[in-house]
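Remarks on the structure that follows.
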Amino acid sequence: MNAVIDSLSSLYERDIDTLQAEVKAYKSEANLWKVNGEITNSGGNLALHLCGNLRHFIGAMLGGSGYIRQRDDEFNLKDVKRSELIDQIKTTKKVVIETIEGLKEDQLAENYPVNVFGKEMSTIYFLNHLHGHLNYHLGQLNYHRRLLDQ
């Protein structure tokens with residue numbers, strides 16, 4: 001494998017494992033779904049959103065997984081069991097890692113197959129963007145847990 005693909009695979013694996021650890025770290029399963037004041041995204045919804053985002057943009061768009069995203073559900077579903085969230089995270093990890101490891105080096109420089117931001121971008125650019133998005137929401141999830149898991 002190539003060093004860039006190895007790095008991407010390693011970083012996504014590490015951070016999806018962190019997502020799973022954060023979901024497991026809630027003392028109370030019910031607290032995954034708490035919102036309060038300006039904290040309008042629950043930890044559970046953040047986890048659903050990350051799984052949907054990665055399974056769509058990496059699994060389906062790059063890997064041809066056939067996953068159909070239901071973005072509204074990522075924010076509207078409530079009280080999904082923690083075990084179901086963990087299963088979704090595990091599936092997401094498997095799909096993301098397999099897809100990234102299946103990429104060829106020259107694919108990284110090619111245009112990402114969907115114009116997401118109103119302009120063309122390389123696949124490596126968008127994979128880096130998605131990794132930043134994952135980490136942004138991981139930080140929110142960590143704060144959500146520490147603030148509302150009482």
Practice problem: Note the angle between two axes, namely the Cα long axis of helix 123-148 and the longest principal axis of the Cα atoms of the chain, as a number of degrees from 0 to 90, rounded to the nearest 10. | Solution: 10 degrees
Quiz prompt | Nearest 10 degrees, 0 to 90: helix 82-102 Cα axis against the chain principal axis | solution = 10 degrees
Practice problem: For every helix of n ≥ 4 consecutive DSSP H residues, a contribution of -39,500 (n - 2.57) applies; sum these over the chain, divide by its total residues, and give [θ] at 222 nm rounded to the nearest 500 deg cm²/dmol. | Solution: -20500 deg cm²/dmol
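Once you have the Cα-Cα distance between Gln140 and Arg71, take 0.36 nm times their residue separation minus that, and quote the gain in nm to one decimal.
Working: separation 69, 0.36 × 69 = 24.84 nm, distance 1.84 nm.
The span from Gln140 to Arg71 would gain 23.0 nm if fully extended.
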Exercise. Would you indicate which of (i) 1.01; (ii) 0.97; (iii) 1.06 is the value of Cα Rg over 2.2 N^0.38 Å derived from the coordinates of this structure?
Key: (iii)
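With the contact rule set at Cα under 8 Å and sequence spacing of 6 or more, what percent relative contact order holds for the chain?
Details: 164 pairs, mean separation 52.4, N = 150.
Relative contact order here is 35 percent.
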Quiz prompt | Positive dipole terminus of the chain, leading residue within Pro113, Gly63, Thr18 (C-beta point charges) | solution = Thr18
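Determine the alpha carbon to alpha carbon distance for each of Lys34/Lys119; Lys81/Lys119; Lys24/Lys94; Lys78/Lys104 and list only those over 27 Å.
Check vs 27 Å cut-off fails for Lys34/Lys119; Lys81/Lys119; Lys78/Lys104.
Every number in this text was worked out from the coordinates using simple rules, so none of it is lab data. All values derive from a computational prediction rather than experimental measurement. Don't worry about glycine lacking a Cβ; one is built from the backbone with ideal geometry, like all the others, and counts go over all protein chains shown.
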